[in-house]
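Down below is the structure, laid out as structure tokens.
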Amino acid sequence: MHFDLPDLRLFIHIAESPSLTQGARKAFLSPAAASARIKALEAQLGSRLLYRDSRGVELTPAGQRLLQHARLIMRQVDYLKSEFTEYGTDAAGHIRIFANTTAVTEFLPEVLAGFLAERPGVTVDLQERLSRDIVRGVLDGAADLGIIAGPVQAPGLQVLHFSTDRLVLAVPLGHALAQRQAVSFNDTLAYQHIGLHEGSTLLSFLREQVEKLGGNLALRIQVSSFEAICRMIEGGVGIGIIPESAARRHSCTMQLAILQLDEAWAVRERSMLVRELDALPGSVRALIDRLNQGV
């Protein structure tokens, strides 16, 4: 069985687009030409890959399996190209990262700024994802590197621990809880919270903990960053649970009281997820080394 790399790349474009037309455009093909190539691929595999209707396309079970293999094949091709560039083994290439909210908003921007400044031939695609999507993305080959916090179930992946943070409660000075050293999560549910935006990993995690308690998380407002949460807290709008690293940094310029959360899950081990460390291109391994130097 023979596969053309352009056909696999075309299939990926279509699978990641809402329609065959948009996928064809990404591959610089006409819709008719793209459709003909997909039909030829289906004939070669003896399986239907796409459901087509007026709303767009949807992958069949066979299409889902092909997408996983196609992504892995194309990533290996990209790895091969990056190893033979004029810049050297770790100074060029494209790195795709799926990471949680804290990584995307707190420490990765600073780490990546220094890393990319030293390597003009490297580009990065950084996406915020939920924990389960980070694991799936690395498994499927959609991401080279996953960054996650807390316990992780990732069979088939290498889990590389690189730092530890913890979740804390931030409250305005003068708040009823401000004089306490520690507080349980259940005790915080009596107050209105400031939360992150929908789809953020931290908000999803806290809602899971609330569900286990059978309680209710009263969100007064949702914002897009930990800095915005802290500003709302300082203004007396509510309280919020955020990583200690963010709370300590913003407390230097804002009037906040920081309390320890008396919960085992408050300690958050940060880990990197990869399929196979030794098989990664030099640029990805160099970034992993940078993260291992300390965040």
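Contact order, relative form, for the stretch 166-264: 51 percent (alpha carbon pairs under 8 Å, 6 or more residues apart, mean separation divided by residue count). Restricted to Cα atoms, the stretch 166-264 shows a radius of gyration and a Dmax of 12.1, 36 angstrom.
Applying 1/(1 + (r/R0)^6) with r as the Cβ-Cβ distance of Glu208 and Arg180 and R0 = 25 angstrom yields a FRET efficiency of 0.55. Normalised by the number of residues in the stretch 5-82, what is the relative contact order in percent for Cα pairs under 8 Å and 6+ residues apart? With pairs under 8 Å counted, the relative contact order is 29 percent. Between Arg132 and Leu160, what FRET efficiency comes out of the Förster formula 1/(1 + (r/R0)^6) with R0 = 22 Å and r the beta carbon distance, rounded to 0.05? That gives a FRET efficiency of 0.70. Between Gln222 and Leu72, the simple label model (points 7 Å from Cα in the Cβ direction) yields a spacing of 3.5 nm. Size of the stretch 57-198 from its Cα atoms: along the principal axes, largest to smallest, the extents are 60, 43, 28 Å.
Residue order by solvent-accessible surface for Lys26, Lys212 is Lys212, Lys26, largest first, with ligands and nucleic acids left out and a 1.4 Å probe.
Could you state, as a whole-number percent, how many of the C-alpha pairs of the stretch 152-204 are farther apart than 18 Å? Show your work: numbers first, answer last.
Working: 747 of 1378 pairs.
In whole percent, the share of Cα-Cα pairs in the stretch 152-204 beyond 18 Å is 54.
Between Gln153 and Asp187, what is 0.36 nm times their sequence separation minus the Cα-Cα distance? Round to one decimal in nm. Don't skip to the answer; put the middle values down first.
Details: separation 34, 0.36 × 34 = 12.24 nm, distance 2.92 nm.
Gain on extension, Gln153 to Asp187, equals 9.3 nm.
Note on Tyr191: accessible area approximately 70 square angstrom, rounded to 10, probe 1.4 Å, nucleic acids and ligands left out. With both residues required to sit in the stretch 166-264, DSSP beta bridges show an antiparallel share near 55%. Met232 contributes about 60 Å² of solvent-accessible surface, heavy atoms of the protein only, 1.4 Å probe. When only alpha carbons are used to place a centre, the stretch 115-144 and the stretch 168-210 end up 29 Å from one another.
Over the chain, accessible surface divided per residue gives 49 Å², non-protein components excluded, 1.4 Å probe.
If the segment from Phe3 to Asp53 were pulled out straight at 0.36 nm per residue, it would be longer than the present Cα-Cα gap by 15.4 nm. Expressed in Å, the radius of gyration and Dmax of the Cα atoms of the chain are 22.6, 71.
Of the accessible area of the stretch 84-176, computed with a 1.4 Å probe over protein heavy atoms only, carbon and sulfur atoms account for 52 percent. The 1.4 Å probe gives accessible areas that order Ser271, Ser245, largest first, as Ser245, Ser271. Note that the stretch 207-295, at 25 °C in a medium of 0.890 mPa s, gets a Stokes-Einstein diffusion coefficient of 151 µm²/s from its Kirkwood radius over C-alpha pairs.
Nearest 500 deg cm²/dmol is fine: what mean residue ellipticity at 222 nm does the chain get from its DSSP H runs of n ≥ 4 alone, each adding -39,500 (n - 2.57), divided by its residue count?
Numbers: 11 runs with 122 residues, N = 295.
Rounded to the nearest 500, it is -12500 deg cm²/dmol.
With kT/(6 pi eta Rh) evaluated at 37 °C and eta = 0.692 mPa s, and Rh the Kirkwood radius from Cα pairs, the stretch 5-82 diffuses with a coefficient of 262 µm²/s according to Stokes-Einstein. Using Cα springs under 10 Å in a Gaussian network model of the chain, which residue among Leu167, Leu45, Leu206 shows the largest mean-square fluctuation? Result: Leu45 has the largest fluctuation of those listed. Across the protein chains, with a 1.4 Å probe defining accessible surface, the residues Phe28, Phe185, Phe3 rank Phe28, Phe3, Phe185 from largest area downward.
The values are calculated or read from the model by the stated rules, or taken from the named source; none is laboratory data. Since the model is a prediction, treat every value here as computed from it, not as a measurement. Counting neighbours? That spans all protein chains shown, and the Cβs are built from the backbone with ideal geometry, glycine included. The area values use the complete protein model at the heavy-atom level, side chains included, leaving out ligands, DNA and RNA. Shrake-Rupley method; radii C 1.70, N 1.55, O 1.52, S 1.80 Å.
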